[in-house]
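The values are calculated or read from the model by the stated rules, or taken from the named source; none is laboratory data. Remember, it's a predicted structure, so these values are computed and weren't measured experimentally. Glycine also receives a Cβ, built like all others from the backbone with ideal geometry; neighbour counts cover every protein chain displayed. With ligands, DNA and RNA removed, areas are computed over all heavy atoms of the protein, side chains included. Shrake-Rupley method; radii C 1.70, N 1.55, O 1.52, S 1.80 Å.
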Amino acid sequence: MIYTVIYVDENDMMGTITFASHKHDKNHAWSEYIETYASPGQSPVAIMPGNHIVYFPHDISFTQVA
């Protein structure tokens, strides 16, 4: 199963990672992210099944709107 994790790092910056979990279980995927994929200082905020694109306010540019 593919999961996308939204995480925050030690500088309070948010990021995402998408990975294939070994089991089709959100609890296992959460633990698998922490144990296998998270870099030091990264903490998960949310986990989503599938490969989704999430836009945050800082990703939006109003100067490009016609």
Legend entry - Among residues of segment 2-31, those that are assigned to a loop (DSSP other than H, G, I, E, B) and open to solvent by 80 Å² or more (accessible area, probe 1.4 Å), counted: 7
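So how many residues does segment 32-66 have that are of a type in the set (Val, Ile, Thr), part of a helix (DSSP H, G or I) and either modelled with pLDDT of 95 or more or open to solvent by less than 80 Å² (accessible area, probe 1.4 Å) (or both)?
2
Could you please let me know if PRO40 is more than 13 Å from the chain's Cα centre (by Cα) and of a type outside the set (Val, Ile, Thr)? Walk me through it before giving the result.
Values: more than 13 Å from the chain's Cα centre (by Cα): yes; of a type outside the set (Val, Ile, Thr): yes.
Yes: the conditions hold for PRO40.
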Inset, instruction - Write out, first by first residue and then by second, each pair whose Cβ atoms fall under 9 Å of each other, whose residues are 6+ apart or on separate chains, and whose first residue, in segment 17-28, is among the hydroxyl-bearing types (Ser, Thr, Tyr) while the second is open to solvent by 60 Å² or more (accessible area, probe 1.4 Å) and modelled with pLDDT under 90. - result: THR18/ASN51; THR18/HIS52
